[in-house]
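Below is one structure, written out as structure tokens, with a few remarks after it.
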Amino acid sequence: MHIDFTDKNQAPQDNSLEKINLLNFDLAALTNWCVSIDEKSFRAKQLFKWIHQYRIADFNLMTDLAVSFRNKLQTLAKIEPPKIASFHKSADGTVKWLIDVNDGNLVETVFIPETNRGTLCISSQAGCAVNCKFCSTGKQGFNRNLSTAEIIGQLWMAENLLHEHEEYQRLEKSKRIITNVVMMGMGEPLLNYNNVLPALKIMLDDYAYGLSRRRVTLSTSGIIPFMEKLHECPVSLAVSLHAPNNELRNILVPINKKYPLEQLLNTCRQYLEHAPRDFITFEYCMLQNCNDSDEHAYQLIELVKNISCKFNLIPFNPFPQSGLLASKPERISKFAHILSKAGIVTTVRKTRGDDIDAACGQLAGDIKDKTNIAIRLQKV
Ligand code: SAH
Ligand code: SF4
């Protein structure tokens, strides 16, 4: 877009223009946009800092920007985070926001405080087309992709709102409460790559949130073509494995029929070639008498040999339609022990926010049964 302002000091008066939500732009896109409205490219950095470092939505408060620029911004642009439908705080300090992304779709953002860090779990889609057997999000079907503004807006909004909480009120606004981000909320982030990529870039950008790439984790069920592209913004990678062989994984994670295990693990190896000191986190949801035997653990050891990796065993959060049961804690410990003995660092995920349904796979929101799952998958 190129708009020519004949009188540079005069803001355009046409209010009928649809205002652009600047939360959709990473720094490169914001720079292009600033140039397109006849502003110097360095202005974009100043504006980007106001938007993401100070999280100011009112252009009038961006005091080091020229008044003429602020006027243009008022007329052409807006900073609009997603709308919050409700807010819940768990006894363990976990906070969950239900976000209204229109058309009756709700997604969730969850904040998990720990002693030395605060992790925000972000959603990337309303619903999910992958339809894993143990996941309530999958049961909704796919509703729609979230925009970049709706994805990064979850971080923008959560950081701002946490600052208003009693326990954080004494912190300066520029001091971060959220130190880590995991793309582990609703949706398959790599099936919304074009909108997720700018959001990741904003998280890492020193003029925005400045998070190190090790503190931003993208979790995927294994969408190989986009795993291959992710070195464009090489964040930490978590891969939802859940089964040690194709036969079982085809059932639990149906996308495996399209991207089977051997190819998936090769792609993991290639990803690590770009960042040799990194590791892949394999997530494994523990399902009683399904994927949790000693034999399954031995198969896993064989499968991931030569890959620098960690295992994260996730206690299954049951929900009525799944027909699956959670492994007993003793079984999870034995499974973890077998992996650890083979030299694989293995952790068991603590379940947080149970009392507010903020635990993994409980991010169902308003369950809708969409029948277009198969059609969507064919398009992948
Ligand atoms: N779509 C991505 C990211 C969102 S799911 C992915 O599948 O990786 C985030 C994690 O939660 C995944 O590892 C997923 O397998 C796990 N999960 C989903 N439903 C669950 C449930 N009911 N109990 C425990 N973990 C679950
Ligand atoms: Fe989608 Fe991930 Fe749930 Fe599978 S586990 S249905 S990929 S959100």
For this session: In whole angstrom, note down how far apart the Cα centers of the range 36-90 and the range 276-318 are.
Result: 43
Exercise. How far is it, in nm, from the label point at E247 to the one at N194 when both lie 7 Å from their Cα along the line to the Cβ?
Worked result: 4.1
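T63 to K45: extension gain in nm, 0.36 nm per residue of separation minus the Cα-Cα distance?
Values: separation 18, 0.36 × 18 = 6.48 nm, distance 1.41 nm.
So the extension gain works out to 5.1 nm.
For the range 83-378, what is the Kirkwood estimate of the hydrodynamic radius, computed as the reciprocal of the mean inverse distance between distinct Cα atoms, to one decimal in Å? Present the calculation step by step, with values, prior to reporting the outcome.
Working: mean 1/r = 0.0515 Å⁻¹.
Taking the inverse mean of 1/r over all distinct Cα pairs, the range 83-378 comes out at 19.4 Å.
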Exercise. Setting aside same-chain residues fewer than 8 positions from K89, which lysines have a Cα under 23 Å from its Cα?
Worked result: K173, K175, K350
For this session: For K173 paired with D294, estimate the spin-label separation in nm (one decimal), with each label point 7 Å from Cα along the Cα-to-Cβ line.
Result: 6.0
For this session: Please calculate the 1.4 Å probe accessible area of C121, with all protein chains present, and give it to the nearest 10 Å².
Result: 20
For this session: Past 28 Å, Cα to Cα, is the threshold; run K83/K133; K201/K334; K78/K201 against it and keep the listed order.
Result: K83/K133; K201/K334
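How many percent of DSSP beta bridges within the chain run antiparallel, rounded to 5? Mind showing how you got there, number by number?
Numbers: 20 of 46 bridges.
If we restrict to bridges inside the chain, about 45 percent are antiparallel.
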Exercise. When the convex hull of the C-alpha atoms of the range 20-78 is computed, what volume per residue in Å³ does it have?
Worked result: 71
Exercise. Taking all protein chains as present, what is the carbon and sulfur share of the accessible area of the chain, in % to the nearest whole number, probe 1.4 Å?
Worked result: 51
For this session: Using Cα positions and a limit of under 20 Å, work out the aspartates and glutamates in reach of K72, with same-chain residues fewer than 8 apart set aside.
Result: D4, D7, D14, E18, D26, D38, E39, D58, D64, E80
Problem set entry | Using alpha-carbon coordinates, inclination of helix 27-36 to the longest axis of the chain, degrees | 30
Exercise. Once every DSSP H run of n ≥ 4 in the chain is given -39500 (n - 2.57) and the sum is divided by its residues, what mean residue ellipticity at 222 nm do you get, rounded to the nearest 500 deg cm²/dmol?
Worked result: -8500 deg cm²/dmol
Exercise. Simple spin-label model, 7 Å along Cα-to-Cβ: K334 to N160 in nm?
Worked result: 5.2
Exercise. What order do you get for 126-136, 236-246, 27-37 when each peptide is scored by the mean count of other beta carbon atoms within 10 Å, highest first?
Worked result: 126-136, 236-246, 27-37
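Once the piece of chain linking I84 and E18 is laid out straight, how much longer is it, given 0.36 nm per residue of separation minus the C-alpha distance between them?
On the way: separation 66, 0.36 × 66 = 23.76 nm, distance 2.23 nm.
Here the segment from I84 to E18 would lengthen by 21.5 nm.
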Problem set entry | Reachable lysines, given that their alpha-carbon falls under 18 Å from the alpha-carbon of K341 and they are not under 8 places away in the same chain | K305, K310
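So if we plug the beta-carbon distance of K258 and E302 into 1/(1 + (r/R0)^6) with R0 = 22 Å, what FRET efficiency do we get, rounded to 0.05?
On the way: r = 23 Å, r/R0 = 1.05.
E between K258 and E302, to the nearest 0.05, is 0.40.
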Exercise. Any idea what angle helix 148-164 forms with the longest principal axis of the chain, computed on alpha-carbon atoms, 0 to 90 degrees, nearest 10?
Worked result: 90
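The values are calculated or read from the model by the stated rules, or taken from the named source; none is laboratory data. Keep in mind the model is a prediction, meaning the values are calculated, not measured. Neighbour counts are summed over all protein chains in view; Cβ atoms, including those assigned to glycine, are modelled from backbone coordinates with ideal geometry. Please note that ligands, DNA and RNA were not included when accessible areas were found on the heavy atoms of the full protein model with its side chains. Shrake-Rupley method; radii C 1.70, N 1.55, O 1.52, S 1.80 Å.
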